[in-house]
Amino acid sequence: MPESSQEDTGTRPIWRSTGRGTLCRCPNCGTGRLFNGYLEQVSACPECGEPLAEFNAGLLLPLAVGLLVVLLFAVIFLVIELNGGVSPGTYLAILLPTSAIASLLALRPSKGALIGLMWALRTSDELQR
Ligand SMILES: [Zn+2]
């Protein structure tokens with residue numbers, strides 16, 4: 001990305017910040033890592049030093065992941081039904097493993113996107129106390 005990583009002009013574009021978060025990158029500079037492990041959030045960006053610990057996705061995270069997975073299955077089931085449908089047992093055999101895998105895959109980018117969005121909107125924990 002061509003933007004300079006050090007400047008903080010005060011503008012925080014929502015789509016750019018959310019996109020960087022989705023890629024698990026710092027919403028400010030786009031290069032620093034957002035997570036230490038799978039979901040452990042860094043307290044500050046290792047590249048630009050932007051404090052990120054105050055942006056806590058909290059209970060929005062399971063809501064966002066649940067919504068994504070439900071939307072995914074609505075599309076999958078619609079396609080299956082439009083092509084003749086399958087038995088309820090087959091649906092269950094598709095639903096159980098795929099929902100677990102899809103949730104695990106969506107968790108990290110969803111948390112990153114929420115952190116990026118909260119950073120852009122400046123909705124930190126401080127405001128909620
Ligand atoms: Zn950064």
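A short reminder: the numbers here are calculations on the coordinates, not readings from a lab. A quick note: this is a predicted structure, and the numbers were derived from the prediction, not measured. When we count neighbours, we look across all protein chains shown, and the Cβ atoms used for this are built from the backbone with ideal geometry, even at glycine.
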With only helices counted (DSSP H, runs n ≥ 4, each -39500 (n - 2.57)), the per-residue ellipticity at 222 nm for the chain, to the nearest 500, works out to -18500 deg cm²/dmol
Comparing 116, 84, 32 in a Gaussian network model of the chain (Cα, 10 Å), the one with the largest mean-square fluctuation is 84
Scaled by the rule-of-thumb 2.2 N^0.38 Å, the alpha carbon Rg for the range 14-128 gives a ratio of 1.29
Taking Cα pairs closer than 8 Å and at least 6 residues apart, the relative contact order of the chain in percent is 39
Free-by-geometry Cys in the chain, Cβ-Cβ under 4.7 Å as pairing rule, reported as 24
In debye to the nearest 20, the charge dipole size for the chain, taken about the Cα centre with +1 at each Lys and Arg Cβ and -1 at each Asp and Glu Cβ, equals 180
Once the dipole of the chain is set up from charges on Cβ (+1 Lys and Arg, -1 Asp and Glu), the residue from the list 107, 124, 89 lying farthest towards its positive end is 89
